[in-house]
Structures are given as structure tokens and as C-alpha cells.
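**Student:** The structure is given below, and queries will be raised subsequently.
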Amino acid sequence: MQTRRLGRRGRTVTAIGYGAAPLGNLFTAVSDAEAEAAVAAAWDAGVRYFDTAPHYGLGLSERRLGAALLRYPRDEVVVSTKVGRLLVPAGPGGPERDLATDFDVPADLRREWDFSGPGVLRSIDESLTRLGLDRVDVVLVHDPDDHERQALEGALPALLDLRSQGIVGAVGVGMNQSAMLTRFVERVDLDVVLLAGRYNLLDQSALDDLLPAARRRGTSVVTGGVFASGILARAWPPDDATYNYDRASADVLARARRIATLCREHGVSLPAAAVQFVLGSDVVASALLGMRSAAEVHRNAPLLDVRIPGELWAALQSEGLLRADAPVPSGVAA
């Protein structure tokens, strides 16, 4: 699989990354065997970049990912995790399952926001224990939407110090918005930012701020939400398609279906166009795909091999379905 530069320090990642939130039983439960098979299928497909977080299933994603990666050469894989939420014992009287945050796991732990320097060190140490690793390659400050100052004054200086010591390979921030990510990029020497849901075939708003800033600063962007919460994941968006973590509106559904129609007319699938579009920007290092099963890996990994004619991108732009200033792929993506 094609690899791309991550930041300015010589690290590379595969063009498709494995988003491991589903391994934490996101929305629905998967078994340990299914989780292991999904990671194995991703490895066999050439994926070498895996992203997780303590938040995902109250540590279950980290534990499953670490166990599944034990069989593979450590130096060949890039593992990313996140800081900002510590996992602490849950008190009595709470819910039995963590369903309120969309993870089907026992609620024996709870999340506690902590963007302090000591909190970062504790979070990384606990993540290493769950992962069964002696290091993580990339550490991201996770969802500091309501904690911008604490992230700037606590978490990020601590991570930059760890990077200078060689303990952490790359430092970044992961969020669902581009505006604050842009401020972080402009103020901090970041290697990478993870942007979820704001750069895809239905939303290119990051072209207004984050992507230009990242280019100026030499910061790489990893995209999450490539399928826009599911509406772009099938060749034809169904009536009950989800967008931005909710039921898609009639307008969004109609727009997605028009894009799907143009894809069909040009002999490609909507998911292939969705993945390859985000990789059309030279600022984007990888597209993270959350895959809960080997079957989903087998369906998604070949999307980079689909030849997409330039006429499709031109048609999308001429109909106003894609911004005229959006960079588009040229030739075969991988």
C-alpha cells in the first residue's frame, strides 16, 4: 500500500489507516475473535497505521489492538493513541453499560477530563499497559473543544517535551472541528492533526482554514469520517443513511445520491470516490477507516485500486457537488 509522509520528521504512514474505535464495541459489540480477525485482515491488506484511544470502549479498543498486533514486527507498524481522558473507577449507582457514549461495554470505569502535564504522562503510561507496548508512535490530544487553554498550556508542552526526548515520535491534536485545529497548527509545532468529518465528499469546509494552515506549517492531516458517518459507505445511500452522527436530512441524502449517480455513470463506486477524494490533497497523509470485521476490511482496502477518471471530479465540480478549489486525485491513487 502507498505510504505518505507524516509531518516533517521522516515518519510515514499508509494511505489507509485503521480506525480502531469499532474494536471498542462502538454502536454494536464485536467478539475478541472478530476484532483480531479484522486487524489481521488489515495487516494482510498492507495497512500499517493503527489509531486508537482510551475513550474507545473504556480501554477495550487499546487492549484488543495491542493483543492483535503482538504477532507482527513492531518496527513495521505505526500506533497512535490519545490523551485528555483518564479512565478512573466508576462509583456506585451508575449505568451498567457505557451505552450513553455509544460503546457497548461494561461501565465499570468512567472518563475524567485531564489535559494537564501529569495527566498526559499518566494517560500514556496506562495506554502502554493496555496496548502491551513499550512506546507509541503518535500521541494526539483528544477532543479539547472545551479545554483549549489547558491543552495549550499543559498537554501539548508535555507531549513536545516527550518528543524532544525521543519518547514520543509525533505529536498532534484530534478533533471534529477545523477552526480550533487551525489555531493549534498555527501556534504549536505539530506533526499531525486528525480531522474527523470536516473533509469529505459532502463537507469541504476545512479548505477554508485548516488545510491551508497545515500546508504553510508543514503539518500533516489525517482524515476521519471519510464516509461521513456512513452515508458514503455504500454504492447507493439508503433511506436510513446516517450523516454527522445522526439521521441524514432529505437534502443531504439527495446530494449524496446525486454524487452516487455520477459515480455510477463514470464506472466507479461511491465509497471508492470518497476515499480517493480525501487523498487528493497533498496535505492529507492518511484516511482512517473504522472497520469492525475482516469483511469490512476486504471491502474497503481495494478502494485505492479503483481507477477513477478525471471526468468524474470535473462533473462533480460543474454541478456544484464538489468545491471548485478542492484538490482532486490524478490517476490511480495507489
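**Student:** Would you pick out the residues in the range 201-247 that are under 16 Å from Gly174 (Cα atoms) and not small (Gly, Ala, Ser)?
**Tutor:** Answer for the range 201-247, where residues must be under 16 Å from Gly174 (Cα atoms) and not small (Gly, Ala, Ser): Asp209, Leu210, Leu211, Thr219, Val221, Val222, Thr223, Val226.
**Student:** While we're on this one: Under 6 Å between Cβ atoms, at least 6 apart or on separate chains: pull out the pairs that start in the range 248-259 with a residue that is under 15 Å from Asp203 (Cβ atoms) and end on any residue that is not in a loop (DSSP other than H, G, I, E, B).
**Tutor:** Listed by first residue and then by second, the contacts come to Val252/Tyr243.
**Student:** Report the residue count in the range 199-234 for those that are buried (at least 24 other Cβ atoms within 10 Å of the Cβ) and in a loop (DSSP other than H, G, I, E, B).
**Tutor:** So the answer is 8.
**Student:** Then there is this: So Ile167 ticks every box in (1) touching a helix residue (DSSP H, G or I) at 6+ places or on another chain (Cβ under 7 Å); (2) open to solvent by 20 Å² or more (accessible area, probe 1.4 Å); (3) closer than 21 Å to Glu76 by Cβ but one. Which box is left unticked?
**Tutor:** For Ile167, the exception is condition (1).
**Student:** Another one. Within the range 8-28, take every residue that is open to solvent by 60 Å² or more (accessible area, probe 1.4 Å) and not β-branched (Val, Ile, Thr) and give me the one that is farthest from Ala285 (Cα to Cα).
**Tutor:** The residue in question is Phe27.
**Student:** Among the residues of the range 257-296, count how many are open to solvent by less than 10 Å² (accessible area, probe 1.4 Å) and over 24 Å from Ser330 (Cβ atoms).
**Tutor:** Selection size over the range 257-296: 1.
**Student:** Moving on. Would you mind stating whether Arg234 is over 23 Å from the mean Cα position of the chain (by Cα) and charged (D, E, K, R)?
**Tutor:** Taking the combined requirement at face value, the residue does not satisfy it.
**Student:** With the checklist (1) among the aliphatic types (A, V, I, L, M); (2) in contact with a helix residue (DSSP H, G or I) (Cβ under 6 Å, 6 or more places away or on another chain); (3) open to solvent by 10 Å² or more (accessible area, probe 1.4 Å) in hand, flag the one item Val193 doesn't pass.
**Tutor:** Exception for Val193: condition (3).
**Student:** The conditions are (1) touching a helix residue (DSSP H, G or I) at 6+ places or on another chain (Cβ under 7 Å); (2) of a type in the set (Ser, Thr, Tyr); (3) open to solvent by 50 Å² or more (accessible area, probe 1.4 Å), and Ser178 fails exactly one of them. Which is it?
**Tutor:** Failing condition for Ser178: (3).
**Student:** Next question. Please list, ordered by first then second residue, the pairs with beta carbon atoms under 6 Å, 6 or more apart or interchain, first in the range 36-61 and more than 14 Å from His142 (Cβ to Cβ) and free of Cβ contacts under 8 Å to residues at least 40 places away in the same chain, second in a helix (DSSP H, G or I) and open to solvent by 20 Å² or more (accessible area, probe 1.4 Å).
**Tutor:** Here the result reads none, with nothing in the range 36-61 linked to a residue that is in a helix (DSSP H, G or I) and open to solvent by 20 Å² or more (accessible area, probe 1.4 Å).
**Student:** When residues of the range 249-258 are filtered for being of a type in the set (Gly, Ala, Ser) and touching a strand residue (DSSP E or B) at 6+ places or on another chain (Cβ under 6 Å), how many remain?
**Tutor:** Within the range 249-258, residues that are of a type in the set (Gly, Ala, Ser) and touching a strand residue (DSSP E or B) at 6+ places or on another chain (Cβ under 6 Å) number 0.
The values are calculated or read from the model by the stated rules, or taken from the named source; none is laboratory data. Because the structure is a prediction, the values reported are computed rather than measured. Reconstructed Cβ throughout: ideal geometry from the backbone, glycine too, with neighbour counts over all protein chains shown. SASA here: full protein model, heavy atoms, side chains in, ligands and nucleic acids out. Shrake-Rupley method; radii C 1.70, N 1.55, O 1.52, S 1.80 Å.
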